[in-house]
1. How much length is gained on full extension from residue 311 to residue 134, taking 0.36 nm per residue of separation minus their Cα-Cα distance?
2. Label segment 369-409 by shape, choosing from rounded, prolate and oblate, from the square roots a ≥ b ≥ c of the eigenvalues of the Cα gyration tensor; if a/c is under 1.5 it is rounded, and otherwise prolate applies when a/b is larger than b/c, oblate when it is not.
3. If the only charges are +1 at each Lys and Arg Cβ and -1 at each Asp and Glu Cβ, what is the size of the charge dipole of segment 34-187 around the Cα centre, to the nearest 20 debye?
4. Could you work out how much longer the chain between residue 126 and residue 27 gets when fully extended? Use 0.36 nm per residue separation minus the Cα distance between them, nm to one decimal.
5. Net charge near residue 90: determine it from the other residues with C-beta under 15 Å of the C-beta of residue 90, scoring Lys and Arg +1 and Asp and Glu -1.
6. Given charges of +1 on the Cβ of Lys and Arg and -1 on the Cβ of Asp and Glu, with all other atoms neutral, how large is the dipole of the chain about its Cα centre, in debye to the nearest 20?
7. Farthest toward the dipole's positive end in segment 110-253, which of 241, 252, 207, given Cβ charges of +1 (Lys, Arg) and -1 (Asp, Glu) about the Cα centre?
8. Beyond 20 Å between alpha-carbons counts as too far, so tell me which of 286/373; 286/434; 80/225 fall in that bin.
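The values are calculated or read from the model by the stated rules, or taken from the named source; none is laboratory data. As the structure is a computational prediction, the values presented were derived from the model and not from experiment. Note that each Cβ is placed from the backbone with ideal geometry, even for glycine, and that neighbours are counted across all protein chains shown. When the accessible area is computed, the model is the full protein with side chains, heavy atoms only, and any ligands, DNA or RNA have been set aside. Shrake-Rupley method; radii C 1.70, N 1.55, O 1.52, S 1.80 Å.
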Amino acid sequence: MLHRALMLVAVMVCAAPVLAAETASEQVTTFTLDNGMEAVVIEDHRAPAVVHMVWYRAGSADEPAGVSGIAHFLEHLMFKGTDTIAPGEFSQIVAANGGTDNAFTSFDYTGYFQRVAADRLELMMQMEADRMVNLTLTQDEVRTEREVILEERNQRVENDPGALFNEQRRAALYMNHRYGVPIIGWRHEIESLDLQDALDFYADNYAPNNAILVVAGDVDPADVKRLAQTYYGPIPADPTIVPRQRPQEPPQLSERRMVMNDPRVAQPYIIRTYLAPERDPGAQEKAAALVMLAEVLGGGQTSVLNRKLQFETQTVVYTSAFYSGTSLDDTGFGLVAVPADGVSLQEAEEALDKAVAEFITEGVDAAQLDRIKFQMRAQQIYARDNVDRLARRYGGALASGLTVADVQAWPDILQAVTEADIIAAAKEIFDRKKSVTGWLMGAEQEGTL
């Protein structure tokens, strides 16, 4: 035991100079084009490569009612072609130039990116700017891609009881907000999406004043600005685009509970999700406390829930806590418990509730919090070795309503969280009236809620 303690001290002492040598922030330059397009340039000259990303402030939560999945559908259709690029040719050109490309859709944004050699950045900008305004689609392309998305839903959702369970829980957690609608869309609405739906969403959301350019890698900010002005600058702003105003949640006054049975489920489990505040620009302290709360409760082998439920009472075989604050509107804080053999879901839930209540009474272990903060600081430093992660960190934050200053302040705000902050966050967040408790079990299993 003494040897292990000395080893831990030695590791921390050796690592301390690395943390102390951390620079204040990444080499980040920002500018805004005359048409309203924001840009972030992150310099990293260690390799002659670059990540080029365009983020649109248009995700699934921005879809009109009745056309769920159209944001994700349009993401697929953006690769079909323009007046100058044939369908499918975009990715072929990227690959022919030694790069890779892809896209993604979230609740709050849609993003497109390429990883290429630094001297190919101009070509990427030229093509991305082209499809920002010159997308061409046919009825046949829309029908074909709709079938692709339906099959994607089959594989990722319909064939996965956990994914179906997650959809149902989110729909119960959000009574009014579009976060309760799945990103890929409800199947019956995907089936009816058509060419006009795609063109309407494209026209309403894809414009430079609704986009963020992020370039990370071996670049000079002045060169990036010159290229952006050349290719994105001539695209006119859309005056109809205004800051997003979404339907918000009404007061949640009643706990919601659900049981889902599926014969494909081999291991039953419990998830409880609470409505939780997101990171707000200039006011990220509460979100930081929730990040730390999730780590303290369920962040690993030394977490509170793991210690109390797996090792002390042996009522569960797995526990977790999760929270993601990078969200434009209210997000969720979740607890997970997988009961041990012979333990019912009811017993596991009661043990989970008891462990959380004891934690709030006992408080945060200072040594555990110090370890978590040390690990987070190290992870943030090591993350700077990955320009793709850096680009995503800034792009995701800005597309979710935060600023560059918020991103750069975030590590220090996390480090400033105290034990008292965490307990205060726990007392506020664990309000059963703002929660959904779900049991997922096999068809032959029964439970009462």
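1. Details: separation 177, 0.36 × 177 = 63.72 nm, distance 5.94 nm.
Taking 0.36 nm per residue and subtracting the Cα distance, the gain is 57.8 nm.
2. In terms of gyration-tensor shape, oblate.
3. 540
4. 33.2 nm
5. -4
6. The calculation lands at about 900 debye.
7. 252
8. From the list (286/373; 286/434; 80/225), the Cα-Cα distance tops 20 Å for 80/225.
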